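*Asks:* Here you go, one structure.
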Amino acid sequence: MKHRQRVSNALGCVFGIILVRLALGTAYQYAAVYSQFAWYVLYPVTALRSMSDQFVLAVFYLLLWLYILVVQVVVYQRPVGRTVLGTLVWMTVLALPFLPFGIRYVSLARYTSGISSYTLRILPFAGLLVSFFLVNRLHFKQNHLVAGAWACVNFLLLVVVVTMADLLPMIKSGLLFHALGYRISIANTFISRMPVLALFAAMALAGFYMSVFERHFLRVPRETNRLGAVSVPAFMVLALMLVIVIMRDDYQRYRYFHYQGGITTVFFAPYDDRQMITFDENRFAIVNGRQSVFYPFGRFSTQDTLRHHAENVLRMKLIEGLDYYRLARIVTVLAHGPRDTIVYKRLRPVITGSSYRIPEQLRIWARFLDQRYASDSSDISVTGWVRVNGSPLAGTEFIVNKVNRTSGSDRKDAVPVWQDRTDTEGRFDFTCYKDAGSDTGYFQVNFSVPDSVFGSNLRTIKVVSPLSVFRQPGRHLLDTLDIVFTRQGTASYRKSLAVATSSRPDSFLVVLPEVAAIVPLRITGAVNNTGEMADVLLECLTWRLDEQSRLSFLEQLNPSRFYLSEPDGDVMISIY
């Protein structure tokens with residue numbers, strides 16, 4: 001009896017490791033952070049994460065049948081040859097329903113296939129349930145009632161395990177599934193914050209099930225009373241049905257979510273009916289359309305969010321998926337955004353790896369942060385004001401991007417490092433940082449305004465003291481950015497209006513052709529010291545313009561002026 005219990009407990013520990021591995025999913029391509037203690041305790045789990053879910057489930061299946069075979073031969077002393085042959089036959093029969101579509105078909109998170117008929121879709125489920133019943137009835141010699149009860153238990157348990165293995169990693173790594181607020185995600189929270197306890201809990205649960213399985217399923221019928229033989233699986237069916245009802249309700253959230261309304265989560269927020277006013281290297285642009293804002297920025301206080309989430313990160317012993325993305329974004333803001341000593345000191349034990357097992361990228365960030373927070377003499381501090389048609393642009397969101405150039409190309413990579421609002425006087429200010437010695441990147445500012453501020457029917461737009469980019473440390477007190485525009489009756493552009501010059505402009509005035517909204521244009525020309533354009537080349541991007549239309553466009557564009565920091569230069573106007 002003691003040896004039998006020890007075998008059940010040992011197998012329960014193995015199955016507990018497999019259950020935690022299925023809940024965590026396969027190893028992510030990106031990095032993860034473990035506490036040192038959790039890393040060593042969870043090493044068997046992490047070793048299995050390099051293998052596919054199908055392989056792990058197959059190992060689970062084979063170990064369970066091996067345990068059944070050993071118990072039947074050693075404990076119940078059944079004939080070896082006949083028992084081995086019966087085990088091989090019935091374990092093959094039980095695997096047949098998975099062959100057409102794979103084991104993932106029984107996941108409630110993926111109840112889709114190439115079968116168009118809902119009636120036919122249920123056939124693999126029915127085949128699996130019938131297979132369980134036949135195995136119980138013919139191989140384990142159970143009566144019809146007990147065989148049916150345990151067939152339901154094993155069937156529902158399989159559905160729960162496969163669904164959890166399918167759903168939990170998606171919730172942890174997918175913005176959509178995280179936004180839907182699945183109740184089953186509490187399992188991810190438990191594993192992230194207390195992974196060692198979660199492992200022991202899974203082992204205890206698996207060991208308890210193996211004990212019940214051996215006592216009420218594998219024992220020959222004469223060793224069990226009828227009430228116990230039926231009541232135990234009936235209770236387990238009710239418990240599993242409750243779990244399935246919760247998961248099924250979660251799945252309905254995914255299936256019937258109103259996607260056209262957009263998805264808003266702490267990691268992602270869409271902004272509709274907006275215009276982005278951007279200032280890059282000698283380039284001004286107005287861009288229409290939906291704007292996407294990513295963590296840690298959105299419709300909330302950025303600083304409060306960072307401090308609150310820093311405390312959440314410290315509670316975690318296993319940080320991966322969206323949690324690691326959140327940590328990486330917080331570190332990026334600490335490195336390049338405004339100085340926040342409180343968050344830096346709180347997260348330093350995680351970032352430096354004093355009690356955590358961290359990837360090499362975090363070690364690089366740790367050295368960078370130590371360098372920055374050792375002194376504030378290398379910070380870039382910017383203060384400016386914005387006016388539109390003579391009035392302060394108050395309460396407007398501005399976004400600071402850290403722009404990096406890809407080595408060997410002209411491609412740029414913009415990473416948001418701060419978001420805030422202008423005050424009632426249109427004043428904006430922020431602090432940022434980069435390694436002035438080795439970092440060739442720079443910082444630039446964008447303003448997000450409702451599309452009613454400028455609209456798409458601009459006739460003229462004049463920009464005085466457009467913003468430059470910021471590379472050098474020190475305090476930058478800017479001249480007031482003044483934007484003045486007039487409107488016309490029809491739209492002058494649809495998607496974007498961009499003005500790019502060869503050197504930094506002190507100011508410019510652009511007069512837009514009336515029909516540019518339906519005829520996307522690219523206009524290039526030389527600029528002399530009087531600000532006038534010469535040698536103008538007008539290119540239509542959709543069809544060839546006739547000479548009369550071309551002359552009309554050039555005549556309307558003629559009053560435009562560009563005053564550059566260098567006497568002569570070039571300008572390109574793009575209208576889409």
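The values are calculated or read from the model by the stated rules, or taken from the named source; none is laboratory data. Here the structure is a predicted model, which means the values were calculated and not measured. Heads up, the Cβs are rebuilt from the backbone with ideal geometry, glycines too, and the neighbour counts pull from every protein chain shown. To get the accessible areas, we keep the full protein, side chains included, count just its heavy atoms, and leave off ligands, DNA and RNA. Shrake-Rupley method; radii C 1.70, N 1.55, O 1.52, S 1.80 Å.
*Asks:* Hey, can you tell me all the residues within segment 32-56 that are part of a helix (DSSP H, G or I), open to solvent by 20 Å² or more (accessible area, probe 1.4 Å) and in contact with a helix residue (DSSP H, G or I) (Cβ under 8 Å, 6 or more places away or on another chain)?
*Replies:* The first filter runs over segment 32-56 and keeps only residues part of a helix (DSSP H, G or I), leaving 36-41, 43-48, 53-56.
In the following step, the residues that additionally are open to solvent by 20 Å² or more (accessible area, probe 1.4 Å) were identified as 36-37, 39-41, 43-44, 46-48, 54-55.
Listed by number, the residues that qualify are Phe37, Trp39, Val41, Pro44, Thr46, Leu48, Gln54.
*Asks:* Another question, if that's okay. Which of the strands (runs of 3 or more DSSP E) contained wholly in segment 384-490 include at least 1 residues that are under 31 Å from the mean Cα position of the chain (by Cα)? Reasoning before the result, please.
*Replies:* Working: elements: 397-405, 412-421, 427-432, 442-450, 458-464, 474-477, 481-487.
In segment 384-490, 397-405, 412-421, 427-432, 442-450 are the strands (runs of 3 or more DSSP E) which contain 1 or more residues that are under 31 Å from the mean Cα position of the chain (by Cα).
*Asks:* In the list Arg372, Arg387, which residue meets the criterion of being basic (Lys, Arg) and within 24 Å of Ala498 (Cα to Cα)? Explain how you work it out, then say what you get.
*Replies:* Details: Arg372 fails: within 24 Å of Ala498 (Cα to Cα).
On inspection, the qualifying residue turns out to be Arg387.
*Asks:* Could I ask something else about it? For segment 419-439, how many residues are out of contact with any His (no Cβ under 8 Å at 6 or more places or on another chain) and touching a residue at least 40 places away in the same chain (Cβ under 8 Å)? Can you show your working first?
*Replies:* From segment 419-439, those out of contact with any His (no Cβ under 8 Å at 6 or more places or on another chain) are 419-431, 435-439; that's our starting set.
Now narrow it down to the ones that are touching a residue at least 40 places away in the same chain (Cβ under 8 Å): 419-420, 425-431, 435-436.
Residues flagged as out of contact with any His (no Cβ under 8 Å at 6 or more places or on another chain) and touching a residue at least 40 places away in the same chain (Cβ under 8 Å) within segment 419-439 amount to 11.
*Asks:* Hey, another quick one. Here are Leu334, Leu369: which of them is in contact with an Asp or Glu (Cβ under 9 Å, 6 or more places away or on another chain) and either under 16 Å from Phe267 (Cα atoms) or not in a loop (DSSP other than H, G, I, E, B) (or both)? Working first, answer last.
*Replies:* Working: Leu369 fails: in contact with an Asp or Glu (Cβ under 9 Å, 6 or more places away or on another chain).
Answer to the check: Leu334.
*Asks:* Would you mind finding the one in Val80, Val59 that is in contact (Cβ under 8 Å) with a residue 24 or more places away in the chain, of a type in the set (Val, Ile, Thr), surrounded by fewer than 18 Cβ atoms within 10 Å (Cβ to Cβ) and more than 22 Å from Pro233 (Cα to Cα)?
*Replies:* Working: Val80 fails: in contact (Cβ under 8 Å) with a residue 24 or more places away in the chain.
Going through Val80, Val59 in turn, the sole match is Val59.
*Asks:* What number of residues within segment 120-143 satisfy the criterion of being open to solvent by 20 Å² or more (accessible area, probe 1.4 Å) and outside any helix (DSSP H, G or I)?
*Replies:* Result for segment 120-143: 3.
*Asks:* Is it the case, given these coordinates, that Arg411 is of a type in the set (Lys, Arg) and surrounded by 12 or more Cβ atoms within 10 Å (Cβ to Cβ)?
*Replies:* Details: of a type in the set (Lys, Arg): yes; surrounded by 12 or more Cβ atoms within 10 Å (Cβ to Cβ): no.
No, not satisfied.
*Asks:* Counting only residues that are in contact with a Leu (Cβ under 7 Å, 6 or more places away or on another chain) and modelled with pLDDT of 80 or more, which one in segment 210-262 is farthest from Phe60 (Cα to Cα)? Give the steps one after another, and end with the answer.
*Replies:* Taking segment 210-262 as the starting set, the residues that turn out to be in contact with a Leu (Cβ under 7 Å, 6 or more places away or on another chain) are 210, 230, 237, 240-241, 244, 247-248, 251, 253-254, 257.
Retained after the next criterion (residues that are modelled with pLDDT of 80 or more): 210, 230, 237, 240-241, 244.
Numbers: Met210: 13, Val230: 26, Val237: 21, Leu240: 19, Met241: 22, Ile244: 21 Å.
Out of the qualifying residues, it is Val230.
*Asks:* So which of Ala374, Ala366 ends up being free of Cβ contacts under 8 Å to residues at least 24 places away in the same chain and open to solvent by less than 20 Å² (accessible area, probe 1.4 Å)? Reasoning before the result, please.
*Replies:* Working: Ala374 fails: open to solvent by less than 20 Å² (accessible area, probe 1.4 Å).
Answer to the selection: Ala366.
*Asks:* Which condition does Leu167 not pass, out of (1) open to solvent by less than 40 Å² (accessible area, probe 1.4 Å); (2) at pLDDT 90 or above, if it passes all the others?
*Replies:* Leu167 satisfies every listed condition except (2).
*Asks:* Let me ask something additional. Which of the residues spanning segment 392-413 are out of contact with any Asp or Glu (no Cβ under 9 Å at 6 or more places or on another chain) and without any contact (Cβ under 8 Å) to a residue 24 or more places away in the chain?
*Replies:* Ser407, Gly408, Ser409, Asp410, Arg411, Asp413
*Asks:* If I filter segment 144-159 down to residues being open to solvent by less than 40 Å² (accessible area, probe 1.4 Å) and under 15 Å from Tyr61 (Cα atoms), which single residue comes out as modelled with the lowest pLDDT?
*Replies:* Filtering segment 144-159 for residues open to solvent by less than 40 Å² (accessible area, probe 1.4 Å) gives 146-151, 153-156, 158-159.
Then drop every residue that is not under 15 Å from Tyr61 (Cα atoms), which leaves 154-155, 158-159.
On the way: Asn154: 93, Phe155: 93, Leu158: 92, Val159: 89.
Among residues in segment 144-159 that are open to solvent by less than 40 Å² (accessible area, probe 1.4 Å) and under 15 Å from Tyr61 (Cα atoms), the one modelled with the lowest pLDDT is Val159.
*Asks:* Related question: Show the residue pairs meeting these rules: Cβ distance below 8 Å; 6+ apart or different chains; first residue within segment 88-100 and touching a residue at least 40 places away in the same chain (Cβ under 8 Å) and β-branched (Val, Ile, Thr); second residue assigned to a helix (DSSP H, G or I) and surrounded by 18 or more Cβ atoms within 10 Å (Cβ to Cβ).
*Replies:* What qualifies is Val93/Ser131; Val93/Val135.
*Asks:* Condition first: within 19 Å of the chain's Cα centre (by Cα) and not in a helix (DSSP H, G or I). Now tell me which residues in segment 160-208 satisfy that.
*Replies:* Listed by number, the residues that qualify are Gly174, Leu180, Gly181, Tyr182.
*Asks:* Would you check which residues across segment 337-357 are assigned to a loop (DSSP other than H, G, I, E, B) and open to solvent by 20 Å² or more (accessible area, probe 1.4 Å) and list them? Please lay out each step first, then the result.
*Replies:* Residues of segment 337-357 assigned to a loop (DSSP other than H, G, I, E, B): 337-340, 353-355.
Selection gives Pro338, Arg339, Ser354, Ser355.
*Asks:* Restricting to segment 44-89, what's the tally of residues that are more than 22 Å from Ser8 (Cα to Cα) and among the aromatic types (Phe, Trp, Tyr)?
*Replies:* 1
*Asks:* Can you confirm whether Ala526 is small (Gly, Ala, Ser), modelled with pLDDT under 90 and touching a strand residue (DSSP E or B) at 6+ places or on another chain (Cβ under 9 Å)?
*Replies:* Details: small (Gly, Ala, Ser): yes; modelled with pLDDT under 90: no; touching a strand residue (DSSP E or B) at 6+ places or on another chain (Cβ under 9 Å): yes.
So Ala526 fails the test.
*Asks:* Quick test for you: out of Arg494, Arg487, pick the one residue that is closer than 18 Å to Pro559 by Cβ and of a type in the set (Lys, Arg).
*Replies:* When all the criteria are applied, what remains is Arg487.
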